[in-house]
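K.L.:
Below is a structure I'd like to ask you about.
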């Protein structure tokens, strides 16, 4: 079942006397449980597509149905509610509040809940952090966490409201190899449990951990294919650690 349905999506910007056609009549379906990478060079339209998928911007033309809701007809308040309820965002820069604990950072989306549900914010945030392996770091502030741990907090924050899908923008862009393996292993684990993930990345090695790679150029999709030899990040992390330990032992000799 498609959780994301784009039909005839166009996004044009007027810059002076020039009309910039960032997206040119794009169709796309993403089914529940998929793990999709969106790739393309600078200016290809992938950032505009990400903003459309994230309900951060409305298309000039076309239809975007998200989890059964037609977003293009939503009022500004409805549009914001769809974004808050249906989408979990993970950014390259983590976007954590520096003076706020991990659990308080994860609670943030719950403060904007307008569903009328009586949510136990602490309980939900604690469960989300435990789900990403940070149950023992609830009260740590970002500067007390590694880059990989900070991204785990960001993923917990994205997951805390059980969104329809996670939208990740270059989530490993600020991470070294070990932390990249850790974060991608977590994404694969969440996806194995049924969570739909759409990730924008410029790194082919990172895209190899997904199930499907979409490539854009000049505002259009130029290729869309399943990943045939999908890598497992947990296996790559174990191999990296083994090689690192071997080199460390060699240095001591």
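K.L.:
Mind listing whichever residues of the stretch 98-126 are assigned to a loop (DSSP other than H, G, I, E, B), loosely packed, with under 12 Cβ neighbours inside 10 Å and either in contact with a strand residue (DSSP E or B) (Cβ under 6 Å, 6 or more places away or on another chain) or at negative phi (or both)?
P.N.:
The first filter runs over the stretch 98-126 and keeps only residues assigned to a loop (DSSP other than H, G, I, E, B), leaving 98-101, 112-120.
Add one more test, that the residue is loosely packed, with under 12 Cβ neighbours inside 10 Å, and what stays is 98-99, 114-118, 120.
Selection gives 98, 99, 114, 115, 117, 118, 120.
K.L.:
So, one more: Which of the strands (runs of 3 or more DSSP E) found entirely inside the stretch 140-242 contain at least 3 residues meeting this: at pLDDT 95 or above, touching a strand residue (DSSP E or B) at 6+ places or on another chain (Cβ under 7 Å) and surrounded by 15 or more Cβ atoms within 10 Å (Cβ to Cβ)? Working first, answer last.
P.N.:
Details: elements: 165-169, 196-200, 212-217, 220-226.
Strands (runs of 3 or more DSSP E) meeting the threshold: 165-169, 196-200, 212-217.
K.L.:
Within the stretch 2-48, track down each residue that is assigned to a loop (DSSP other than H, G, I, E, B) and on the phi > 0 side of the Ramachandran plot.
P.N.:
Restricting attention to the stretch 2-48, the residues satisfying the condition of being assigned to a loop (DSSP other than H, G, I, E, B) are 16-17, 32-34, 40-45.
Within the stretch 2-48, 16, 33, 40, 43, 45 meet the criteria.
K.L.:
Being surrounded by fewer than 20 Cβ atoms within 10 Å (Cβ to Cβ) and free of Cβ contacts under 8 Å to residues at least 40 places away in the same chain is the filter here; which residues of the stretch 127-136 pass it?
P.N.:
Start the filter on the stretch 127-136 by keeping residues that are surrounded by fewer than 20 Cβ atoms within 10 Å (Cβ to Cβ), which leaves 127, 130-131, 133, 135-136.
Scanning the stretch 127-136 gives 127, 130, 131, 135, 136.
K.L.:
Among the residues of the stretch 58-68, is there at least one that is surrounded by 14 or more Cβ atoms within 10 Å (Cβ to Cβ), free of Cβ contacts under 8 Å to residues at least 40 places away in the same chain and within 17 Å of the chain's Cα centre (by Cα)?
P.N.:
Within the stretch 58-68, not a single residue is surrounded by 14 or more Cβ atoms within 10 Å (Cβ to Cβ), free of Cβ contacts under 8 Å to residues at least 40 places away in the same chain and within 17 Å of the chain's Cα centre (by Cα).
The values are calculated or read from the model by the stated rules, or taken from the named source; none is laboratory data. None of the values given here were measured: they were computed from a predicted structure. Reconstructed Cβ throughout: ideal geometry from the backbone, glycine too, with neighbour counts over all protein chains shown.
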